[in-house]
Amino acid sequence: MSRIENRTFDELAIGDTHIYTRTLTPEDFERFARAAGELDPAAVESGLVTTNGFEAIAGAAGWAGALAASVIAGQFPGLGSQLVRQSLADQGPAAPGDVVTLAISLRAKGEGRRVTLDLRAVNQRGEAILSGSAEVVAPAEKIARGRVRGRSGEIHETGRRYRQLLELVRGFKPLRTAVVHPCDEASLVGAVEAARETLIEAVLVGPEAKIRRAAELANVDLAGFEIVGAPHSHAAAVAAVAMAREGKVEALMKGALHTDELMRAVVDATLGLRTARRVTHVFAIDAPNYPRPLFITDAAVNIYPNLLDKRDIIQNAIDMVRALGVITPRVAILSAVETVSPDIRSTIDAAALCKMADRGQITGGILDGPLAFDNAISEEAALAKGIVSQVSGRAEILVAPDLEAGNMLAKQLEYLADAQMAGIVLGARVPIMLTSRADKTMSRLGSCAIGLALARRAV
């Protein structure tokens, strides 16, 4: 059972910001009409939480106002808050499946424990659906209670976040993509399905006879697909990179070849696709038991990154996640422990990276670290260890200390927690969909959707 913990008036400071992201469900609209939202209806019914009149005020403001009111009452400032008034504007339409990100910032503190909050919310396309302010009497006493999980809890549905990604890029012009050496059933079918979903315009690069043989075995019709011949996988990688460098394709997609074979061509100093930013990798994890989007970096390219490498790893990931609709991603820099120790280099790196963010060397996200994995993803674990931050228990981006740790973490989630993974390489001239030969079709579609969002959406 997770915990609800408030922020008292004395704990609040001007500029404090709370970020909340939620995927709307059909049940939400009925619940928001009663301003139940994050107050947890089961907890309200059991008497654990009182609503202090939030229902009437929020109900008058519509579903978006109810969402804002419920987050104020349940999270920031939280339990014991009393909503005096809220003024909202720019409310746009919303529907089940939309991903809403709400930012609540504290603008002013006054007498009688009154605080003024600025509110802004956008959907997954970056469209404003709520803006305005609220006046709240902040709680005087600290309250921390267990949250009762009612029937309205988070839906655990494998593949749901990837379907949301597909909706995010629906209607975008397909990304002309060189599919490198698609000579087995999995990689070829993944490319064909992505083309059918209008995510990519697939150009198949590799030995034509092998590609056609794979199509025959998979019962796939290649009519209408362009094939660029190459004698073997290494030549296919070089040819695909050359096509990207010359502007003939807008993205690359890994087929049936080793990652290092493709990346060797990508990072070639003379003929590759390098930019000023370091080339890095991100796994987009669809973890059905985690209530928010989850990304792990770097788990495939940088083996033992140094401090400056990690800066680029984090900045690339933040920029990508922002392009996917998360306004201010929460970044947990992982280590084995949550305290800085001179004996564990990753803890020192984590502390330095947080300070770099304070100085504007990393922008667009909220960083905290070092954090152990449990503290990063579990509010209950963080509270048990006395960790209070905007990131602990609610991280969207997990930064691994090295490739080994990141790769093992991602694979454990996949095989032990029913998660699916979409891989993307960032920092090159074009997005690179770095799928595994064991990936399912939905993971490959997720990778293509991310690549398309990166190419077509401005951060």
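The values are calculated or read from the model by the stated rules, or taken from the named source; none is laboratory data. Keep in mind that what you see is a predicted model, and the values were worked out from it rather than measured. Counting neighbours? That spans all protein chains shown, and the Cβs are built from the backbone with ideal geometry, glycine included.
This table checks each residue for (1) closer than 30 Å to residue 269 by Cα; (2) assigned by TED's automatic domain parsing to the domain that holds residue 15; (3) aromatic (Phe, Trp, Tyr); (4) touching a helix residue (DSSP H, G or I) at 6+ places or on another chain (Cβ under 9 Å).
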site: 351; (1), (2), (3), (4): no, no, no, no
site: 357; (1), (2), (3), (4): yes, no, no, yes
site: 399; (1), (2), (3), (4): yes, no, no, yes
site: 415; (1), (2), (3), (4): no, no, yes, no
site: 418; (1), (2), (3), (4): no, no, no, no
site: 447; (1), (2), (3), (4): yes, no, no, yes
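Report yes if some residue within the stretch 404-413 is among the polar types (S, T, N, Q) and either out of contact with any strand residue (DSSP E or B) (no Cβ under 7 Å at 6 or more places or on another chain) or over 19 Å from residue 290 (Cβ atoms) (or both); otherwise report no. Scanning the stretch 404-413, I find at least one residue that is among the polar types (S, T, N, Q) and either out of contact with any strand residue (DSSP E or B) (no Cβ under 7 Å at 6 or more places or on another chain) or over 19 Å from residue 290 (Cβ atoms) (or both), so the answer is yes.
Among the residues making up the stretch 305-340, a single one is among the β-branched types (Val, Ile, Thr), more than 23 Å from residue 408 (Cα to Cα) and crowded, with 23+ Cβ neighbours inside 10 Å: 326.
Results for (1) touching a residue at least 60 places away in the same chain (Cβ under 8 Å); (2) closer than 20 Å to residue 275 by Cα; (3) not charged (D, E, K, R), shown as yes or no for each residue.
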residue	(1), (2), (3)
301	yes, yes, yes
309	no, yes, no
320	yes, yes, yes
323	yes, yes, yes
329	yes, no, yes
333	yes, no, yes
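Out of 357, 287, 269, 350, I need the residue that is small (Gly, Ala, Ser), surrounded by fewer than 17 Cβ atoms within 10 Å (Cβ to Cβ) and either in contact (Cβ under 8 Å) with a residue 12 or more places away in the chain or out of contact with any Phe, Trp or Tyr (no Cβ under 8 Å at 6 or more places or on another chain) (or both). Which one?
Working: 357 fails: surrounded by fewer than 17 Cβ atoms within 10 Å (Cβ to Cβ); 287 fails: surrounded by fewer than 17 Cβ atoms within 10 Å (Cβ to Cβ); 350 fails: surrounded by fewer than 17 Cβ atoms within 10 Å (Cβ to Cβ).
Going through 357, 287, 269, 350 in turn, just one is small (Gly, Ala, Ser), surrounded by fewer than 17 Cβ atoms within 10 Å (Cβ to Cβ) and either in contact (Cβ under 8 Å) with a residue 12 or more places away in the chain or out of contact with any Phe, Trp or Tyr (no Cβ under 8 Å at 6 or more places or on another chain) (or both): 269.
In the stretch 141-162 there is at least one residue that is surrounded by 14 or more Cβ atoms within 10 Å (Cβ to Cβ) and at pLDDT 80 or above. Taken over the stretch 229-260, the residue count meeting the criterion of being buried (at least 17 other Cβ atoms within 10 Å of the Cβ), in contact with an Asp or Glu (Cβ under 8 Å, 6 or more places away or on another chain) and part of a helix (DSSP H, G or I) is 4. Among the conditions (1) at pLDDT below 95; (2) out of contact with any Ser or Thr (no Cβ under 9 Å at 6 or more places or on another chain), the only one that residue 227 does not satisfy is (1). Sub-6 Å Cβ pairs linking a first residue in the stretch 104-116 that is crowded, with 17+ Cβ neighbours inside 10 Å and of a type in the set (Ser, Thr, Tyr) to a second residue that is in a strand (DSSP E or B) and modelled with pLDDT of 90 or more, at least 6 apart or interchain, are 105/118, ordered by first then second residue.
Quick check, is residue 376 touching a residue at least 60 places away in the same chain (Cβ under 8 Å) and either surrounded by 18 or more Cβ atoms within 10 Å (Cβ to Cβ) or within 30 Å of residue 166 (Cβ to Cβ) (or both)?
Against the criterion (touching a residue at least 60 places away in the same chain (Cβ under 8 Å) and either surrounded by 18 or more Cβ atoms within 10 Å (Cβ to Cβ) or within 30 Å of residue 166 (Cβ to Cβ) (or both)), residue 376 does not qualify.
Where helices (runs of 4 or more DSSP H) sit wholly within the stretch 354-459, none has at least 3 residues that are more than 23 Å from residue 123 (Cα to Cα) and of a type in the set (S, T, N, Q).
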